[in-house]
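The values are calculated or read from the model by the stated rules, or taken from the named source; none is laboratory data. For clarity, every value in this text was computed on a predicted model and none was experimentally measured. Cβ atoms come from the backbone with ideal geometry, glycine included; neighbour counts cover every protein chain shown.
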């Protein structure tokens, strides 16, 4: 069940990042057709990738031995980078401050908070800090 929940979190994060990125290029107007197409493509890709991941996992008995246990982390770094370079609404300095704040909160939060709860808490705190800084700067 924990594996399913972690995959669900990853899929939801990717889907929301696509929608927010598209908002920046369409003057904050998304059509119903775009949402349906985006959802269909996202979930189809997710199902196919999950199936292929399960097949490959059975073929590779020990991925840590090959050094490929960083793939999820690399994927989220890629998503963060693409969101950072394509966001035309927020100032780059503000984005870097929020990213730095989140990294510091994660570093110190790992000592106190269990990892599953840490993701949720840091996400909410990062959003809160971002909103506060955005309104303080503007």
Return a yes/no flag: does region 51-68 have any residue that is in a helix (DSSP H, G or I), in contact with a helix residue (DSSP H, G or I) (Cβ under 9 Å, 6 or more places away or on another chain), more than 21 Å from residue 123 (Cβ to Cβ) and modelled with pLDDT of 80 or more. no
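Within region 81-102, can you find the residues that are within 18 Å of residue 134 (Cα to Cα) and either free of Cβ contacts under 8 Å to residues at least 40 places away in the same chain or touching a strand residue (DSSP E or B) at 6+ places or on another chain (Cβ under 8 Å) (or both)?
Just the residues of region 81-102 that are within 18 Å of residue 134 (Cα to Cα), to begin with: 83-102.
Hits for region 81-102 are 84, 85, 92, 93, 95, 96, 97, 98, 99, 100, 101, 102.
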Would you confirm, using the coordinates I've provided, whether residue 38 is surrounded by 10 or more Cβ atoms within 10 Å (Cβ to Cβ), over 30 Å from residue 132 (Cα atoms) and modelled with pLDDT under 80? yes
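Kindly indicate whether residue 111 is closer than 30 Å to residue 133 by Cα, at pLDDT 85 or above and loosely packed, with under 13 Cβ neighbours inside 10 Å.
Numbers: closer than 30 Å to residue 133 by Cα: yes; at pLDDT 85 or above: yes; loosely packed, with under 13 Cβ neighbours inside 10 Å: yes.
The answer is yes for residue 111.
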Residue satisfying condition, being at pLDDT below 65 and part of a helix (DSSP H, G or I), within set 80, 15: 15
